[in-house]
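The values are calculated or read from the model by the stated rules, or taken from the named source; none is laboratory data. What you see is a predicted model, and the numbers here were worked out from it, not measured in a lab. In this analysis, Cβ positions are derived from the backbone assuming ideal geometry, glycine residues included, and neighbour counts consider all displayed protein chains. Note: areas computed on protein heavy atoms with side chains; ligands, DNA, RNA excluded. Shrake-Rupley method; radii C 1.70, N 1.55, O 1.52, S 1.80 Å.
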Amino acid sequence: MVLAAGGGRRLGGRPKALVEHLGRPLIEHALAVVRAGGCTGTVAVLGAAAEQVRATADLGDCRVVDNPAWESGMGSSLRAGLAALPPGAHAVLVMLVDTPGVTPAAVRRLLAAHRAGAELAAAAYGGRRGHPVLIGARHFAEAAAGARGDAGARALLAAHATEIVLVECGDIAVPDDLDTPEDLARWNATASLNSP
């Protein structure tokens with residue numbers, strides 16, 4: 001699942017899904033990363049300028065979900081995405097559209113942790129929890145119930161802190177997100193290092 005509903009207020013009001021990275025919209029980059037990492041049944045949650053994103057970006061075969069409540073924060077996007085998961089989904093990997101330093105290799109590590117039995121897993125960078133996050137099916141309802149404001153899955157992860165498998169990805173990915181024009185300029189200067 002790629003959460004891509006943000007309006008990019010601090011990025012000059014450009015919807016984050018359409019911010020260009022490596023010559024293509026961030027939404028295309030994020031979808032390429034999760035697909036190359038092994039995810040199937042991909043869901044993209046749109047909000048700000050959703051029609052423009054649909055018309056401009058190549059979303060491939062992913063299921064596109066509009067979140068009309070996107071301005072209320074990431075929690076509403078997570079709820080919308082969880083409700084749209086394909087039937088029988090065993091787990092969902094939640095990727096933020098504005099984390100271009102996440103690589104397919106990091107996605108593969110999280111999926112491998114799930115195959116090894118993890119019901120909750122998160123990429124870690126130097127031992128510190130970051131994104132993406134993997135949520136097993138038995139936690140979907142609790143994740144949706146606790147997703148409020150900008151917290152996303154924070155309530156779920158806090159309630160099950162001792163169960164989270166931290167998957168070190170600091171050697172293959174970078175956790176930074178793009179919030180400001182300066183962040184974007186820095187990423188575009190080193191972009192070729194992070195392309196899937």
Which ones in region 161-180 are open to solvent by less than 30 Å² (accessible area, probe 1.4 Å) and under 20 Å from His114 (Cβ atoms)? Ile164, Val167, Cys169, Ala173
Looking at region 92-131, which of the residues that are under 30 Å from Leu184 (Cα atoms), of a type outside the set (A, V, I, L, M, F, W, C) and free of Cβ contacts under 8 Å to residues at least 60 places away in the same chain is surrounded by the fewest Cβ atoms within 10 Å (Cβ to Cβ)? Gly127
Of all residues in region 80-105, which are in contact with a His (Cβ under 9 Å, 6 or more places away or on another chain) and within 11 Å of Leu134 (Cβ to Cβ)? His90, Ala91, Leu93, Val94, Met95
List the pairs whose first member sits in region 55-79 and is under 10 Å from Ala5 (Cβ atoms), whose second member is loosely packed, with under 15 Cβ neighbours inside 10 Å and not hydrophobic (A, V, I, L, M, F, W, C), and whose Cβ atoms are under 6 Å apart, counting only residues at least 6 apart or on separate chains? Gly73/Gly149; Gly73/Asp150; Met74/Asp150
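Conditions tested, residue by residue: (1) at pLDDT 95 or above; (2) surrounded by fewer than 16 Cβ atoms within 10 Å (Cβ to Cβ); (3) more than 15 Å from Arg14 (Cβ to Cβ); (4) under 15 Å from the mean Cα position of the chain (by Cα).
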residue: Val34; (1), (2), (3), (4): yes, no, yes, yes
residue: Gly38; (1), (2), (3), (4): yes, yes, yes, yes
residue: Ala44; (1), (2), (3), (4): yes, no, yes, yes
residue: Ala57; (1), (2), (3), (4): yes, no, no, no
residue: Asp61; (1), (2), (3), (4): no, yes, yes, no
residue: Val64; (1), (2), (3), (4): yes, no, yes, yes
residue: Ala69; (1), (2), (3), (4): no, yes, yes, no
residue: Gly73; (1), (2), (3), (4): no, no, yes, yes
Given the conditions (1) surrounded by fewer than 20 Cβ atoms within 10 Å (Cβ to Cβ); (2) touching a helix residue (DSSP H, G or I) at 6+ places or on another chain (Cβ under 8 Å); (3) closer than 23 Å to Gly149 by Cα; (4) not charged (D, E, K, R), which single one is not true for Ala84? (2)
